[in-house]
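Bear in mind these aren't lab numbers, they're just calculated from the coordinates by the rules spelled out. All values reported here derive from a predicted model rather than from experimental measurement. Virtual Cβ from ideal backbone geometry, glycine too; neighbours counted across all protein chains shown.
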Amino acid sequence: MIDNATSIISLFERAEDFSKTNIELYKLNVTKTSAEVISSIVASLAIFSMVALSLLIINIGLAFWIGKLLNDTFYGFFVIGGFYAIFALLLFIFRNHWIKNPLSESIIRKMLKK
């Protein structure tokens with residue numbers, strides 16, 4: 001009888017160790033996945049910042065050039081502003097298809113990657 005009780009106690013101790021190890025493994029996997037997603041987002045933001053700054057400078061130059069062609073500088077800025085207003089409207093209309101769904105799928109893919 002004592003052997004059975006010892007075996008059961010040993011079994012419970014092993015089950016407890018197993019569950020603690022599984023919890024620790026889960027925490028490590030969540031930490032790794034979170035770090036990958038966050039680092040990916042930070043890298044994307046850095047690239048986005050550089051592209052946005054470049055586009056800003058190019059757009060200012062383009063606005064001055066178009067304004068020179070139209071014989072008044074502010075016309076160039078109106079043309080560029082109108083272009084971005086149309087682009088913003090299209091982006092608003094197709095935001096789920098162009099931005100939300102691909103971004104969600106990308107984050108989910110990264111989170112579920114093993």
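Numbers below:
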| item | result |
| --- | --- |
| Net length gained if the chain between residue 6 and residue 53 were fully extended (0.36 nm per residue, minus Cα distance) | 9.9 nm |
| Mean-position separation - Cα centroids, the stretch 68-114 and the stretch 2-51, in angstrom | 38 |
| Value at 222 nm in deg cm²/dmol, rounded to 500, when DSSP H runs of n ≥ 4 in the chain each add -39,500 (n - 2.57) | -32500 deg cm²/dmol |
| Contact order normalised by residue count of the chain, Cα under 8 Å, 6+ apart, percent | 21 |
| GNM top mover of 11, 25, 89 - the chain, alpha-carbon springs below 10 Å | 11 |
| Kyte-Doolittle mean at least -1.0, axial Cα span of 30 Å or more - DSSP H helices of the chain | 2-69, 73-93 |
| Distance between modelled label sites at residue 30 and residue 103, nm, 7 Å Cα→Cβ extension | 2.4 |
